[in-house]
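Visitor: Quick one: this structure, given as structure tokens, is what I'll be asking you about.
The values are calculated or read from the model by the stated rules, or taken from the named source; none is laboratory data. Please read these numbers as outputs of a predicted model, since none were measured by experiment. Counting neighbours? That spans all protein chains shown, and the Cβs are built from the backbone with ideal geometry, glycine included. For accessibility, only protein heavy atoms count, side chains too; no ligands or nucleic acids. Shrake-Rupley method; radii C 1.70, N 1.55, O 1.52, S 1.80 Å.
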Amino acid sequence: MDAVTILAPEPYTAILAARLRPLGRLDEHENGNLALSGSSDYERVYLYPNPLIWNELAPEEVSLYRSVIVHPVLYSMDFVDVGFCRKALIAACDDERLFLDNDFGLFMPARQYVRLLRAHPDWDWKRDPAPPDE
């Protein structure tokens, strides 16, 4: 399973859940974990607050994260199917307050990432990490 990291300025679980709910069955757990299921077994994403990400970051990544949001809340979105993850990111992350790290070399405002996803529906950031020209 692959993952992207979403940086939020505050706890955002309720907002993200409301945005994801129209995409399929959303299981919401008391600990803030969300599991979104689509129409097939591969159409599934897990979104959850993940403070353990801090332990995996290099010092320059910590500095980068804190340069855009001083005390971010980090969320992991785990996925198998890039297409379904794309739908989830477009629904949840078209937000000027969020930032996104796709774990394949791109870190940018989430709204900008969503624009890339919309403009290039066939882009698979796992196979071709370079962002397409906007």
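Visitor: First compute the accessible area of the range 33-134 with a 1.4 Å probe, then give the percent of it belonging to carbon and sulfur atoms. It would help to have the intermediate numbers written out before the result.
Guide: Working: 2710 of 5320 Å².
Ligands and nucleic acids excluded, carbon and sulfur give 51 percent.
Visitor: Next question. What value does the range 53-95 have for Rg/Rh, both radii from Cα atoms and Rh as Kirkwood defines it? If you can, show how the numbers build up before the last one.
Guide: Details: Rg = 12.8 Å, Rh = 12.2 Å.
Taking Rg over the Kirkwood Rh, I get 1.05.
Visitor: I've got another one for you. Let me check I've understood the local charge: for P121, count other residues with C-beta under 13 angstrom from its C-beta, Lys and Arg +1, Asp and Glu -1. What total comes out?
Guide: On the way: positive: R86, K87, R115, R118; negative: D122, D124.
That sum, taken over residues with Cβ under 13 Å, equals +2.
Visitor: Report the extension gain between A130 and V80 in nm, rounded to one decimal, defined as 0.36 nm multiplied by the number of residues separating them, less their alpha carbon distance. Before the final figure, lay out each step's value.
Guide: Working: separation 50, 0.36 × 50 = 18.00 nm, distance 1.99 nm.
Stretched out fully, the A130 to V80 stretch lengthens by 16.0 nm.
Visitor: From the backbone phi of the range 95-112, what are the Karplus-calculated ³J(HN,Hα) couplings (6.51 cos²θ - 1.76 cosθ + 1.60, θ = phi - 60°) in whole Hz, Gly and Pro given as x?
Guide: Those phi angles translate into 8, 5, 8, 9, 10, 9, 10, 7, 6, 10, x, 10, 10, 6, x, 4, 4, 5 Hz.
Visitor: Something else: How large is the helix-only mean residue ellipticity at 222 nm for the chain, computed as the sum of -39500 (n - 2.57) over DSSP H runs with n ≥ 4, divided by its residue count, in deg cm²/dmol to the nearest 500? If you can, show how the numbers build up before the last one.
Guide: Numbers: 5 runs with 44 residues, N = 134.
When only DSSP H runs of four or more count, the value is -9000 deg cm²/dmol.
Visitor: What accessible area per residue, rounded to a whole number of Å², is obtained for the chain using a probe radius of 1.4 Å?
Guide: Numbers: 7140 Å² over 134 residues.
Using a 1.4 Å probe on heavy atoms only, each residue of the chain averages 53 Å².
Visitor: Please arrange D101, D81 by accessible surface area, largest first, computed with a 1.4 Å probe and ligands excluded.
Guide: On the way: D101 25, D81 55 Å².
So the residues, ranked largest to smallest area, are D81, D101.
Visitor: Next up: Could you work out how much longer the chain between Y42 and R97 gets when fully extended? Use 0.36 nm per residue separation minus the Cα distance between them, nm to one decimal.
Guide: Values: separation 55, 0.36 × 55 = 19.80 nm, distance 2.93 nm.
Result: 16.9 nm gained on full extension.
Visitor: From a point 7 Å beyond the Cα of E10 in the direction of its Cβ, which residues of the range 67-103 have a backbone N at a distance under 11 Å?
Guide: Nothing falls inside the zone, counting backbone N under 11 Å.
Visitor: Just read off the accessible area of Y48 with the full protein assembly in place, 1.4 Å probe, to the nearest 10 Å².
Guide: Approximately 50 Å² for this residue.
Visitor: Quick one: 3J(HN,Hα) in Hz for the range 69-77, Karplus 6.51/-1.76/1.60 with θ = phi - 60°, rounded, Gly and Pro as x.
Guide: 9, 4, 10, x, 8, 9, 10, 9, 10
Visitor: I would also like to ask the following. Using only the Cα atoms of the chain, what are the Rg and Dmax in Å?
Guide: Cα radius of gyration and Dmax of the chain are 13.9, 41 Å respectively.
Visitor: Let me ask you something else. Please state the relative contact order of the chain as a whole percent: Cα pairs under 8 Å, 6+ residues apart? Please list the in-between numbers first.
Guide: On the way: 216 pairs, mean separation 38.7, N = 134.
29 percent.
Visitor: Roughly how many debye, to the nearest 20, is the charge dipole of the chain about its Cα centre, given +1 on each Lys and Arg Cβ, -1 on each Asp and Glu Cβ, and no other charges? Walk me through the numbers before you get to the answer.
Guide: Numbers: 13 positive and 22 negative charges, 75 e Å.
Here the size comes out at about 360 debye.
Visitor: How many nm separate the modelled label positions at V68 and D2, each set 7 Å beyond the Cα in the direction of the Cβ?
Guide: Here the modelled spin labels are 1.8 nm apart.
Visitor: Please sort 62-72, 27-37 by packing, taking for each peptide the average over its residues of neighbouring beta carbons within 10 angstrom, highest first.
Guide: Packing proxy ranking, top to bottom: 27-37, 62-72.
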